[in-house]
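Here is the structure we will look at.
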Amino acid sequence: MLKYHQRTFDYLKREPVISEQRKDSVRAFGQYIGVDLPESFVKWFSLEGSEEQIRFNDDRVAMIGGFRLLPNPLFPDDKRFRNARFVTHSPLWPRVVPDTFTYEGFLVFIFENQGVCFWGIDLNRAEDPPVYVRWNDPDARWIPCSDSFSEFVFARVWDTANWFGGAQAQANKVSFTDLAYLEQNYTLVQTGGFFAGYRQVYRFEREDKRIWVGQSRLSDHSDWHINAETEDSIIECLRDIWHLNNLSESTYTYGTNPSLQQKLNAPPTESGWNHLRLKVA
């Protein structure tokens, strides 16, 4: 039983695999940058595949499990002269030296895939510290993202599993009516834990159906992602929430999912879908 991340592995339906080599890497990383790493952070990056599990949408995750302190040939027995090295690199991680992982009192461990924002843990010595997100701008400030690192990890894993492949919408501002209906008919599994551009994110599920709702911080629009294990379940979920917000006007599917698009646009006699046709992005 994992102290901090059991919920994540229960969701993944997988057994965690702890690597002694990765434990040594995380310990070396903390020693090199001079930081007493939080326990939940150490536990996560000591697990096999931990970077890939939170690399949502090709974001740049620091490959902490691949960090090494290698002996200097001139002083092989003196730890003070060890050379820091990442044996394995995230292909998109910026060219930064290890010292810059600490920034304004935060430990940065993920960059957004286009460098728009980055995430860091508050180095307040809590065992499971909160996560903050910051625009990549000199005048920006750190914005609360998740109450704990373990909750952030769960959110990233949930999003990775449910973000792509279904239907999407760019709708009006989320209303209390929207949230009340979703909370009455679905289970709210997680809030928070996303980009700096969202004021709040809600994750709902029921059976195999998943609904992700993000309220923009910069405007009155909201983003919706509707997914499920089967295309018929996606259609069933859409039919259930079609009356919310302005989903009937703003829902679309990506052109990369022609099968779902064909079902949604089929005549009612064939599909049972009797609403407006969806757009293709």
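The values are calculated or read from the model by the stated rules, or taken from the named source; none is laboratory data. Keep in mind that what you see is a predicted model, and the values were worked out from it rather than measured. Glycine also receives a Cβ, built like all others from the backbone with ideal geometry; neighbour counts cover every protein chain displayed. The area values use the complete protein model at the heavy-atom level, side chains included, leaving out ligands, DNA and RNA. Shrake-Rupley method; radii C 1.70, N 1.55, O 1.52, S 1.80 Å.
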Exactly one of (1) in contact (Cβ under 8 Å) with a residue 40 or more places away in the chain; (2) on the phi < 0 side of the Ramachandran plot; (3) open to solvent by 30 Å² or more (accessible area, probe 1.4 Å) is unmet by Thr187. Its number? (1)
Given segment 136-209, what strands (runs of 3 or more DSSP E) lie entirely inside it while holding 1 or more residues that are over 22 Å from Ile121 (Cα atoms), touching a Phe, Trp or Tyr at 6+ places or on another chain (Cβ under 8 Å) and not acidic (Asp, Glu)? 167-171, 187-191, 198-206
How many residues does segment 29-71 hold that are at pLDDT below 90, of a type in the set (Gly, Ala, Ser) and buried (at least 17 other Cβ atoms within 10 Å of the Cβ)? 4
Against the condition of a type in the set (Gly, Ala, Ser) and over 18 Å from Asn257 (Cα atoms), how does Ser233 come out, does it pass? no
Every pair of residues 6+ apart whose Cβ atoms lie under 6 Å, when the first sits in segment 31-42 and is under 21 Å from Glu151 (Cβ atoms) and outside any loop (DSSP other than H, G, I, E, B) while the second is open to solvent by 20 Å² or more (accessible area, probe 1.4 Å) and among the hydroxyl-bearing types (Ser, Thr, Tyr): Ser40/Tyr4
Given the criteria in contact with a helix residue (DSSP H, G or I) (Cβ under 8 Å, 6 or more places away or on another chain) and at positive phi, does Gly166 qualify? no
So Ser219 clears everything in (1) out of contact with any helix residue (DSSP H, G or I) (no Cβ under 9 Å at 6 or more places or on another chain); (2) surrounded by 15 or more Cβ atoms within 10 Å (Cβ to Cβ); (3) of a type outside the set (Asp, Glu) except one condition, right? Which one? (2)
Among the residues in segment 171-181, are any farther than 28 Å from Asp137 by Cβ, open to solvent by less than 40 Å² (accessible area, probe 1.4 Å) and in contact with a strand residue (DSSP E or B) (Cβ under 6 Å, 6 or more places away or on another chain)? no
I need the full set of residues from segment 236-267 which are modelled with pLDDT of 90 or more, out of contact with any Lys or Arg (no Cβ under 6 Å at 6 or more places or on another chain) and in a helix (DSSP H, G or I), in order please. Glu236, Leu238, Asp240, Ile241, Leu247
Is it true that some residue in segment 77-94 is farther than 30 Å from Thr230 by Cβ, at pLDDT 70 or above and in contact with a strand residue (DSSP E or B) (Cβ under 7 Å, 6 or more places away or on another chain)? no
